[in-house]
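The values are calculated or read from the model by the stated rules, or taken from the named source; none is laboratory data. Every value quoted in this text rests on a predicted model; they were computed, and no experiment measured them. Quick reminder, even Gly has a Cβ in these numbers, built from the backbone with ideal geometry, and neighbours come from all protein chains shown. For the accessible areas, the whole protein counts, side chains as well, though only heavy atoms, and no ligand, DNA or RNA atoms are used. Shrake-Rupley method; radii C 1.70, N 1.55, O 1.52, S 1.80 Å.
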Amino acid sequence: MSVAARLQTLGIELPPLAVPAAAYVPFVQTGNLVFISGHIAKQDGKPWIGQLGTTMGTEEGQQAARAVAVDLLGTLQAATGDLERIARIVKVVSLVNSAPTYTEHHLVTNGCSELLVSVFGPDVGSHARSAFGVAQLPMGTCVEIELVVELKP
């Protein structure tokens, strides 16, 4: 099944390329690698504000991470012109705005990781990953995620 067909089956419509909120570019390609800048969680088009372990729980954090993944896919579409060009999702780096005692950053990040595997399949979508708890994120958002992707030659 094609990536487009999987997205349609999942009911996902990719957003357009977002304008960066600071002094950076949304993506950089070097060789066969594309580095996608960190994307913050959004809900109804606005920053998804919250802190895991205080104002929100793991399940809501997973939903936020999934929403970030959809935005990342939109940027990846703009960067590549065709998601079928993706050879591999190489690395996911996830930052979770969390209380000092919160320990389920990895479960929050599953919201992103599981969507990537659903969209690209296990051979292309499975990836290396880091999930960090941080004291705060831009605009008070709950999750920020970046990607490294390999393109087909």
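Of note:
- Given (1) free of Cβ contacts under 8 Å to residues at least 60 places away in the same chain; (2) open to solvent by less than 50 Å² (accessible area, probe 1.4 Å); (3) among the small types (Gly, Ala, Ser), index of the condition GLY140 fails: (1)
- In the range 128-148, the condition of being out of contact with any Ser or Thr (no Cβ under 6 Å at 6 or more places or on another chain), under 22 Å from THR9 (Cα atoms) and not in a strand (DSSP E or B) is met by no residue.
- Enumeration of residues in the range 34-59 that are farther than 18 Å from ALA18 by Cβ and in contact (Cβ under 8 Å) with a residue 12 or more places away in the chain: GLY50, GLN51, LEU52, GLY53, THR54, MET56, THR58
- Qualifying residue in the range 65-81 (condition: without any contact (Cβ under 8 Å) to a residue 24 or more places away in the chain, farther than 20 Å from GLU114 by Cα and out of contact with any Pro (no Cβ under 6 Å at 6 or more places or on another chain)): yes
Rundown of residues vs (1) of a type in the set (A, V, I, L, M, F, W, C); (2) open to solvent by 40 Å² or more (accessible area, probe 1.4 Å); (3) farther than 22 Å from LEU151 by Cα, yes/no style:
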residue: LEU7; (1), (2), (3): yes, no, no
residue: ALA23; (1), (2), (3): yes, yes, yes
residue: LYS46; (1), (2), (3): no, yes, yes
residue: ILE49; (1), (2), (3): yes, yes, yes
residue: THR55; (1), (2), (3): no, yes, yes
residue: LEU95; (1), (2), (3): yes, yes, yes
residue: PRO100; (1), (2), (3): no, yes, yes
residue: LEU107; (1), (2), (3): yes, yes, yes
